[in-house]
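Quick notes on the structure that follows.
Just so you know, all these numbers are worked out from the coordinates, no wet-lab data involved. Remember, predicted model here, so these are calculated numbers, not experimental data. When we count neighbours, we look across all protein chains shown, and the Cβ atoms used for this are built from the backbone with ideal geometry, even at glycine.
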């Protein structure tokens, strides 16, 4: 059983389109995160939800909107995609909202052309 | 600002050698220091972690050394193997916080 799963694995789309990435965790964790990993491998946190409540909202364009329908799911919707949005997006979860031991999903490679 | 600085950016080691990756932090409120390992095409995975009340933690071939006064910690991989080739991230967090602050990552290549 996959602990943290993301779909799709790969996403290729054109500038201006809107796309969503879905994340689900079956670990029973209370906190979920979205990270962006750029071409230099730097991991940057974007959002964090604890029990469906937004607790971290980093300085990301408001074209990015997270949605947590329940504590096992955290989806990421991106409007009006730009070339600079091309990256690998990781979902993660942790038992505590201190973010200590985090379990990462396999990532979604987004390519905007 | 980059609160956790990691070096080197890349490292090449021969099989059987020792790999050493260093990190320095600024925030003295940090009290948890994990290392994550990421293989190509995969998400990062927790490798080993340390709290500042100990100076060293060892798990198999992996050891974290921690120097609280210098605000530095390092990962040592003994008897490095080609299967250890991956990107390694140090990180830090604080009890009152809600996130991990990651270093920039080190790409380790272990040659056979």
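Radius of gyration and Dmax for chain B's Cα atoms, expressed in Å?
Rg then Dmax for chain B, in Å: 13.4, 44.
Hey, if you drop one equal point scatterer on each alpha-carbon of the protein assembly as shown and run the Debye formula without solvent, what base-10 log of I(q)/I(0) do you get at q = 0.07, 0.09, 0.11 Å⁻¹?
-0.22, -0.37, -0.55
Considering the Cα positions of the stretch A:1-81, please state its Rg to one decimal place and its Dmax as a whole number of Å.
12.8, 36
In whole angstrom, how far apart do the alpha carbon centroids of the stretch A:99-113 and the stretch A:25-61 sit?
Between the Cα centre of the stretch A:99-113 and that of the stretch A:25-61, the gap is 9 Å.
Averaged across the residues of A:43-50, what count of C-beta atoms belonging to other chains lies within 10 Å of each residue's C-beta? Could the numbers behind the result be given before it?
Numbers: counts 12, 1, 5, 0, 0, 2, 0, 1.
Average per residue, whole number: 3.
Quick one: work out the % antiparallel among DSSP beta bridges in chain A, nearest 5.
Working: 36 of 40 bridges.
Taking every DSSP beta bridge with both residues in chain A, the antiparallel ones total about 90 percent.
Let me know the mean shielding of A:106-113 by other chains, meaning the per-residue number of their Cβ atoms within 10 Å of its Cβ. List each step's numbers first, then the result.
Numbers: counts 3, 5, 0, 1, 0, 0, 0, 0.
Partner Cβ neighbours, averaged per residue: 1.
Please work out how much length the chain gains when fully extended from residue A:109 to residue A:38, using 0.36 nm per residue of separation minus the C-alpha to C-alpha distance, in nm with one decimal. It would help to have the intermediate numbers written out before the result.
Values: separation 71, 0.36 × 71 = 25.56 nm, distance 1.01 nm.
Value of the extension gain: 24.5 nm.
Taking each residue of B:35-46 in turn, how many C-beta atoms of other protein chains fall within 10 Å of its C-beta, and what is the average?
On the way: counts 0, 3, 0, 6, 0, 0, 5, 5, 14, 10, 3, 5.
Average per residue, whole number: 4.
Ranked from highest to lowest mean number of other Cβ atoms within 10 Å per residue, what is the order of the peptides A:66-73, B:52-59?
Details: A:66-73: 15.1, B:52-59: 11.9.
So the order, starting with the most tightly packed, is A:66-73, B:52-59.
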